[in-house]
Each structure stands twice: as structure tokens, then as C-alpha cells.
């Protein structure tokens, strides 16, 4: 978040600004790569504890979870639909995806919203409703917590690129 803030609020111009923005972009990519590498190695270690059938059930649960943004199933219903108990679903989901079920769902939904905002053509309200938020202020708060900017500011930033 600090890097994004520095990028948005930089006071440089010309060649210095270009160098500054390139260095911040490289730093962001380095953070992202580091995060991906650590998450990938953690996931491969954790998946070894799960049976192949459990892995398939948890993958199916993930697909069902992200299928309908407006009416996601409860954890109990999700477990029943894929044929595992709730505890196995919760622990297995966290092992495979690094997050609890609904934290994953929230992040997935917000990432989809971010993509919709970047692609343009939709208002913030339309994006919020598209991903299942009925309350625009709840959507804006969740988006701001995740990305450090409110959706409208994010759209403006996207417009600068």
C-alpha cells in the first residue's frame, strides 16, 4: 500500500519521474514474485497431507463457491454438496488455498471487481452489484481495505495509465 501511495503522490517530472515509477513498478513485481514463490512452496507442502479424493472435493468446493457471487453456499452446504465434513473442508481449503473459505471468497470477489473496474465500462455501483454486494458502502470499505484505495480512486488511477 505504501508503494502505491508513493506512486500516486509522486512529485517528480520528466526523466526522474519515469525512473521513479519504473523502480516502484519493479519493487511491486519483486514483492508479488516473492509472495507467489512462498505461497506456491507452502501449498505444495500442505497438499501432501490431503488424500487425492479430498483434494478433488476441495477443488470442487472452490468452484461451487465462486460460481454464484450473489448466493454463495454456507460452509455446511458446501461441505454437503462436495461430500466432506465441514472440518475437513475448512482445514483442507486453508491448506490448499492459504485462506479460510469465506476469506478466499471475499478476496476472489474483490479481485473480480478490480478486473471489472480496470476493464472500464461499468460504474462502481454496477461493479458492486455484479459481484454480489447489495450495499455500496460495504463494497467500498472492503475494496479500500484490500487495495488501499476506494473503487472510484482506483478507477481514476487506472485512467492515468
Members of the range 80-113 found to be free of Cβ contacts under 8 Å to residues at least 12 places away in the same chain and surrounded by fewer than 16 Cβ atoms within 10 Å (Cβ to Cβ), listed by number
80, 85, 86, 87, 99, 100, 103, 111
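Matching residues to (1) in a helix (DSSP H, G or I); (2) in contact with a helix residue (DSSP H, G or I) (Cβ under 6 Å, 6 or more places away or on another chain); (3) in the same structural domain as residue 135 (by TED's automatic domain parsing); (4) modelled with pLDDT of 85 or more:
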position	(1), (2), (3), (4)
21	yes, no, no, yes
25	yes, no, no, yes
33	yes, no, no, yes
39	yes, no, no, no
44	yes, no, no, no
58	yes, yes, no, yes
63	yes, no, no, yes
66	yes, yes, no, yes
92	yes, yes, no, yes
Matching residues in the range 119-128 - criterion: being outside any loop (DSSP other than H, G, I, E, B) and either more than 17 Å from the chain's Cα centre (by Cα) or buried (at least 16 other Cβ atoms within 10 Å of the Cβ) (or both)
124, 125, 126, 127, 128
Name the residues in the range 4-40 that are in contact (Cβ under 8 Å) with a residue 24 or more places away in the chain and closer than 30 Å to residue 95 by Cβ, would you?
28, 31, 39
Whether any residue in the range 149-161 is closer than 30 Å to residue 59 by Cβ and in contact with a helix residue (DSSP H, G or I) (Cβ under 8 Å, 6 or more places away or on another chain) is what I want to check.
no
Could you count how many residues in the range 105-122 are farther than 20 Å from residue 148 by Cβ and modelled with pLDDT of 90 or more?
1
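The values are calculated or read from the model by the stated rules, or taken from the named source; none is laboratory data. Nothing here was measured: the structure is a model prediction, and the numbers come from that model. Cβ sites come from the backbone with ideal geometry, for glycine too, and all protein chains shown count toward neighbours.
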